[in-house]
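Right, one structure below, let's go through it.
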Amino acid sequence: MAKDNLQVLNALDVAKTQWYHFTAIIIAGMGFFTDAYDLFCISLVTKLLGRIYYHVDGAEKPGTLPPNVSAAVNGVAFCGTLAGQLFFGWLGDKMGRKRVYGMTLMLMVIASVASGLSFGHNAKSVMATLCFFRFWLGFGIGGDYPLSATIMSEYANKKTRGAFIAAVFAMQGFGILAGGIFAIIIASAFKAKFDAPSYEVDALRSTVPQADFVWRIILMVGALPAALTYYWRMKMPETARYTALVAKNAKQAANDMSKVLQVDIEAEPQKVEQLAQQPANTFGLFSKQFLRRHGLHLLGTTSTWFLLDIAFYSQNLFQKDIFSAIGWIPAAKTMNAIDEVYRIARAQTLIALCSTVPGYWFTVAFIDKIGRFAIQLMGFFFMTVFMFALAIPYNHWTHKDNRIGFVVMYSLTFFFANFGPNATTFVVPAEIFPARLRSTCHGISAASGKLGAIVGAFGFLYLAQNQDKAKADAGYPAGIGVKNSLLVLGGINFLGILFTFLVPESKGKSLEEMSRENEDENGEMQELDQTSYENRTVPLS
């Protein structure tokens, strides 16, 4: 029979939702707010960078970043994030969640400021220094993924754990929104102060010298929310699950959680020692036992996150086409440099407001009611349906009269990504692995997702080019076209449905139940008696 859990962990599992839960959501969530702001704000200023640093005298259109430079500026942060997810995920299990959390935050603050201070005598050196600092910014952001999810899952109660972890992730939506709103404010202020003609009227004067400050300010402000939460992050005690199950310090875990929960909790050092010696709590990541118990789970979390991010980040392909099609962004030559930033920011803000943010919060509302599995399956299903509905009659959608329909279908695809696998792939890896490997496994899953993001953002950038090389974007080879790219993405989403069946449902179960850490000597896991588990009380002082 499975052993009773430690009293300190039971206390966390059955605790009523209280203020410290919301404090943890805000502290962990502000990291994600910053992550989203920093990762997505670059797309607001890439057009401006092209105008400033790659202007060609006498050209019909404004300067744009060459394909290789554009890929580097947009993609280097993804590479840093992937590396950071693996490194800090592993470090979070070795040194503790809290200590590593502070490191990632400081790295994000320093790299955000440094990105805005990118220097050089020519375009190449400015882009090189920007890419260097964006890599380290991504590295810090990468650490935030496994640590935020793990900290929130280890602080939460059983009943609302999914909603709490999803709420941390949902702060991404507000980060994207804040990036757009801030860019609108800055562009409006500069536009009012430094008026300029459009590019077709006067190519040289359409980009005022002060425009160089616009992108730098937008990038640097990303440091503010991270810096403001540093103090509160450092005041948070280490999670009881790390302290008791990994560091094996029962007294410290009981003391920390007594203060947080405001109850007396027995330390139970002997029980901690007994648990530490169980076979279920000794195997490593690269052991046969891990492969037997959690191998399919890790395959499920890595594959679904990888497939989801290919589809999710490929949205960059059609966003510019959609914005242009519905008249949100006119032709580049009809605007000046700052006006273009304003219009791109406005368009992205509207998409975030109507599609991205609501999807995240639908997940928060329903994840503990209908479960992670159902939301993920439903999300992948509708993404598949909408991708094929966009792809098969693609020529129909390109007619001017049908473009609003295209935007609605496109928005629904990404609503169901957020009310679906984009949120659940973040939540589940923080719940189903043992405490000593939880941060590492979440980091591996997240890094797999970021690999998918790189494939989605850059592989499809080349793949979606027109099949006729003469009609492809400047500097790009011929591709398979947007219609065929959408068909491939539909197939990828369908694979996501299949791989979801490898991921277990964790709704309403304790973390130890899911990871099978409280097994008996025979290695047999039986469900804890639910009645006594729910009704167990913690002695009050």
* Has the range 219-236 got any residue that is surrounded by fewer than 18 Cβ atoms within 10 Å (Cβ to Cβ), farther than 30 Å from Gln348 by Cβ and of a type outside the set (Phe, Trp, Tyr)? -> yes
* Asked: Restricting attention to the range 344-368, which residues are in contact with a helix residue (DSSP H, G or I) (Cβ under 8 Å, 6 or more places away or on another chain) and open to solvent by 60 Å² or more (accessible area, probe 1.4 Å)?
  -> Arg346, Leu353, Cys354, Trp361, Phe362, Phe366
* Asked: Listed residues Gly405, Gly371, Gly443, Gly420; which is open to solvent by less than 10 Å² (accessible area, probe 1.4 Å) and either closer than 23 Å to Gln315 by Cβ or among the acidic types (Asp, Glu) (or both)?
  -> Gly420
* To do: Mind listing whichever residues of the range 386-401 are surrounded by 15 or more Cβ atoms within 10 Å (Cβ to Cβ) and either touching a residue at least 60 places away in the same chain (Cβ under 8 Å) or over 17 Å from Ser485 (Cβ atoms) (or both)?
  => Met387, Phe388, Leu390, Ala391, Tyr394
* In the range 123-136, is there at least one residue being open to solvent by 10 Å² or more (accessible area, probe 1.4 Å), assigned to a helix (DSSP H, G or I) and closer than 29 Å to Leu285 by Cβ? -> yes
* Structure fact -> Within the range 181-218, of all residues that are surrounded by 21 or more Cβ atoms within 10 Å (Cβ to Cβ) and hydroxyl-bearing (Ser, Thr, Tyr), the one farthest from Thr34 (Cα to Cα) is Tyr199
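Give me a count of the residues in the range 448-468 that are of a type in the set (Ser, Thr, Tyr) and more than 20 Å from Gly80 (Cα to Cα).
Result for the range 448-468: 1.
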* From the options Ala170, Ala178, residue that is open to solvent by 10 Å² or more (accessible area, probe 1.4 Å), farther than 20 Å from Gly443 by Cβ and aliphatic (A, V, I, L, M) -> Ala178
* In the range 462-481, which residues are touching a Leu at 6+ places or on another chain (Cβ under 7 Å) and open to solvent by less than 40 Å² (accessible area, probe 1.4 Å)? -> Ala464, Gly479
* Considering every residue within the range 381-404, establish whether at least one is at pLDDT 90 or above and closer than 30 Å to Ala187 by Cβ. => no
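The values are calculated or read from the model by the stated rules, or taken from the named source; none is laboratory data. Computed from a prediction, not measured in an experiment: that's the story for all the values here. All Cβ positions, glycine included, derive from the backbone under ideal geometry; neighbour counts span all protein chains shown. Surface areas here come from the heavy atoms of the whole protein model, side chains and all, with no ligands, DNA or RNA. Shrake-Rupley method; radii C 1.70, N 1.55, O 1.52, S 1.80 Å.
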